[in-house]
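For reference, the structure I am asking about is given below.
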Amino acid sequence: MSNTQDNQTKCPFLTTAEGAPIGRQQALTAGPRGPLLMQDTALLEQMQHFNRERIPERVVHAKGSGAYGTFTVTHDITKFTKASIFSKVGKKTECFLRFSTVAGERGAADAERDVRGFAVKFYTDEGNWDMVGNNTPVFFVRDPYKFQNFIHTQKRDPKTNLRGHDMQWDFWSQCPESLHQVTILFSDRGLPASYRHINGYGSHTYSFINAQGERVWCKFHFKCNQGIKNWMDDHAAKVIGDDRESHQRDLFNAIEKGEFPSWTLKVQIMTQAQADAWSAKTGWNPFDLTKVWPHADFPLHEVGKLELNRNPENYHAEVEQAAFKPSALVPGIGPSPDKMLQARLMSYADTHLHRVGVNHHQIPVNKPRCPVMHYMRDGQGATAETYGGAPNYWPNTRAGTPMPNEKFADPAWDLGQAVVDRFDSTENHDDFTQAGNLYRMFDDAHRDRLCSRIAGNLAQARKEIQMRQLCHFFRADEDYGRRIAAKLGINVDAAMQEFKPVHDSVRA
Ligand code: NDP
């Protein structure tokens, strides 16, 4: 029996929020034509609650769908990490996964061309581990100062209140580090058929720490077992015409029917020595969110299987209030120097304090399934369920007081002779090779679709922006640039001549 049915059986009467049975559900008025009486407090309560039904919309990833599931370890990776979730082959951990689109508001259609969020909360027996990723292995920017500005370009123009192609290409053309992700966004994978048919990537580099206190760098990949499935734009437009909730419907119905979607978790591992050697060889920063680690250099190690098998009972309580934060890390899994990750460690926790409240971790979907003991107290919505009447300060001398345990302490992190400065995130960076590698992976028809979509979109930006962005496509792959130029109706050879000096200096 579901919670709802159970509650309805236990409570056959309609009641107020305080539980008092209601005799009649009709307004209390002086005479049949009104006016209303202030003493109809049940009506006042209902109106007041209604006025407060919405919580602030997420600025990004506002539209989403979620489900519960189970993560099962299939391969031993204890030589890399002491994280309890991975401690034994066969170990099962409950989890909650929220998928989302990024740019659209809460009412936006699902079948839009956009990156998809892939955020997993693992309720491990040593705390919640939130892996807050996307369906792409990279991101548009590498310096957190650019993040809020980038998101503004994906939202609405302050004057027209319209989404703006000009502003997004204005931004991207001045931030060539975005080219890799832009290529993914306009490729076939930029418009998934459903949430069940996408991969998930941690995208950032994280750290693993093993029982010996050794640290390695790692990346998380969730490979979709249903196969990747995408839609062409014209098909998606038809779907949106019929059903704006196509991803939500697909996920919910599949789980209701017992068709449980699953993903295979794999990790890439890099030691510090490998990081130094790889950086020296390629010039790439292993902590740069706009780069992947090539599989040939850093193969995938299989870890386990994540299966979604239970729909939430109440969308608002469990999906809308789900609060994922990259700062929810557990012993054995830690951050890396990735500047974007470092910024997200603060930003996501902060947004939940604003959006869901200071006690968001006490809401059932966010609540750890393991014992919790700390000295943070009170605030709006506090339940005191975990601490009751226990002292509210530490250290204290009460019997049985939980104590810190040295075995959970992270090893020291040697940063060498780090210099504090505001480093330019665009200088001396190769933003083109990996975007070009991706382009060269596509077959001819896929290249053509990619270039048509980009040209159709870029054509709506100012000419100077088109020209600046066109240079980036040429730098990634000459064919990439030529095709888009042709579709934009731009004379390639004249454009090449105009931008050759920049082109050559970047290649050099
Ligand atoms: P590999 O050939 O070893 O890996 C290619 C990867 O690309 C696979 O993970 C594959 O994922 C993925 N892929 C296949 N088709 C597409 C597609 N149409 N759109 C996006 N991704 C696709 O090469 P490298 O590791 O050297 O990477 C080459 C390029 O592949 C990168 O520049 C990057 O853009 C992209 N890529 C790389 C990933 C990585 O972690 N190295 C991860 C994802 C993409 P699948 O197995 O699901 O088909």
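Report, to the nearest 10°, how far helix 165-174 tilts away from the longest principal axis of the Cα atoms in the chain, using its own Cα long axis and a range of 0 to 90°.
60 degrees
Identify the residues of segment 91-120 with backbone N under 19 Å of a label point that sits 7 angstrom from the Cα of I240 along the Cα-to-Cβ direction, or state none.
Within reach of a label on I240: 100-117.
Hey, with R₀ at 25 Å, roughly what FRET efficiency would I22 and D350 work out to, going by the Cβ-Cβ distance, to 0.05?
Calculated transfer efficiency: 0.05.
With a sphere of radius 15 Å drawn around the Cβ of G213, what net charge do the other residues whose Cβ falls strictly inside it have (Lys, Arg +1; Asp, Glu -1)?
After counting each charged neighbour, the total is 0.
How large is the charge dipole for the chain, taken about the Cα centre, if only the Cβ atoms of Lys, Arg (+1) and Asp, Glu (-1) carry charge, to the nearest 20 debye?
Approximately 460 debye in magnitude.
Oh, and also: For D378 and A409, FRET efficiency with R0 = 25 Å and r from the beta-carbon atoms, rounded to 0.05?
Computed FRET efficiency for A409 and D378: 0.30.
Find the Rg to Rh ratio for the chain, where Rh is the Kirkwood radius over alpha-carbon pairs and Rg uses the same atoms.
Working: Rg = 25.9 Å, Rh = 25.6 Å.
Rg/Rh for the chain comes to 1.01.
Moving on. If you plug each phi of segment 333-350 into the Karplus form 6.51 cos²θ - 1.76 cosθ + 1.60 with θ = phi - 60°, what whole-Hz ³J(HN,Hα) values come out, in order, with x for Gly and Pro?
10, x, x, 10, x, 2, 5, 5, 5, 4, 5, 5, 4, 8, 5, 5, 4, 5
Quick one: angle between helix 233-242 and the longest Cα principal axis of the chain, in degrees between 0 and 90, rounded to 10, please.
20 degrees
I've got another one for you. Within segment 55-81, find all residues whose amide N lies under 19 Å from a label point positioned 7 Å from the Cα of E105 along Cα-to-beta-carbon.
Taking a point 7 Å out along Cα→Cβ of E105, the residues of segment 55-81 whose backbone N falls under 19 Å are 55-65.
In whole Hz, with x marking every Gly and Pro, tabulate ³J(HN,Hα) for segment 30-42 from phi via Karplus 6.51 cos²θ - 1.76 cosθ + 1.60, θ = phi - 60°.
8, x, x, 9, x, x, 6, 9, 4, 7, 7, 5, 5
Quick one: which of K159/K238; K219/K305; K91/K266; K92/K223; K155/K463 span more than 25 angstrom between C-alpha atoms?
Beyond 25 Å: K159/K238.
Could I ask something else about it? Under a Cβ-Cβ cut-off of 12 Å, what is the net charge of the residues other than K223 that fall near it, where Lys and Arg count +1 and Asp and Glu count -1?
My count for the surroundings of K223 gives +1.
Please give me the summed charge of the neighbours of Y387: other residues whose Cβ is under 13 Å from its Cβ, Lys and Arg +1, Asp and Glu -1.
0
Can you work out the FRET efficiency for the pair K463 and T160, with r the C-beta to C-beta distance and R0 = 25 Å, to the nearest 0.05?
FRET efficiency, K463 to T160: 0.80.
We did not get these values from a lab; they are worked out from the coordinates using the rules stated. Keep in mind the model is a prediction, meaning the values are calculated, not measured. Heads up, the Cβs are rebuilt from the backbone with ideal geometry, glycines too, and the neighbour counts pull from every protein chain shown.
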